[in-house]
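Working notes, structure below.
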Amino acid sequence: MLSPALLHDLWQLIEELPTYALIRWDDIRLASWLLEHIEHRCRLNAEDHKSIEKYLDSHLLLIREMAESEEYHPLAV
């Protein structure tokens, strides 16, 4: 299970990634990039590593849908 802090860091990283990458990269490239970069930000033990892999596998569609939504319908800030 991911800690709230690790989950926050992961989503912060996702938000920093350009929309084109979130939409156009294939699942393997996107998940690998995110995993590699979260490892640079946080020290991950083996359990955290596996948890992030599982989380990304089950949330890539959501991540892409959010990116597409923002690309076509940016939120007014």
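Here the Karplus relation 6.51 cos²θ - 1.76 cosθ + 1.60, evaluated at θ = phi - 60°, turns the backbone of region 60-68 into coupling constants of 4, 4, 4, 4, 5, 4, 5, 5, 5 Hz, with x for every Gly and Pro. Tilt of helix 27-41 relative to the longest C-alpha principal axis of the chain, in degrees (0 to 90, nearest 10)? Taking the Cα atoms of the chain, the angle to 27-41 is about 60 degrees. Other residues lying with their Cβ under 10 Å from the Cβ of Leu30 contribute a combined charge of +1, Lys and Arg counting +1, Asp and Glu -1. If you take all other residues with their beta carbon under 15 Å from the beta carbon of Glu39, and give Lys and Arg +1 and Asp and Glu -1, the sum is -2.
How large is the dipole of region 4-72 about the Cα centre if only Lys and Arg carry +1 and Asp and Glu carry -1, each at its Cβ, rounded to the nearest 20 debye? Please list the in-between numbers first.
Details: 7 positive and 15 negative charges, 34 e Å.
Rounded to the nearest 20 debye, it is 160 debye.
Rounded to the nearest 10 degrees, the angle from helix 4-16 to the longest Cα principal axis of the chain is 40 degrees.
In the chain, the ratio of gyration radius to Kirkwood radius, Rg to Rh, stands at 0.97 when only Cα atoms are counted.
Read the figures in this text as sums done on the coordinates, not as results from a lab. In this text, all values refer to a predicted model and were calculated from it rather than measured experimentally. Positions of Cβ are backbone-derived with ideal geometry, glycine not excepted, and every protein chain shown enters the neighbour counts.
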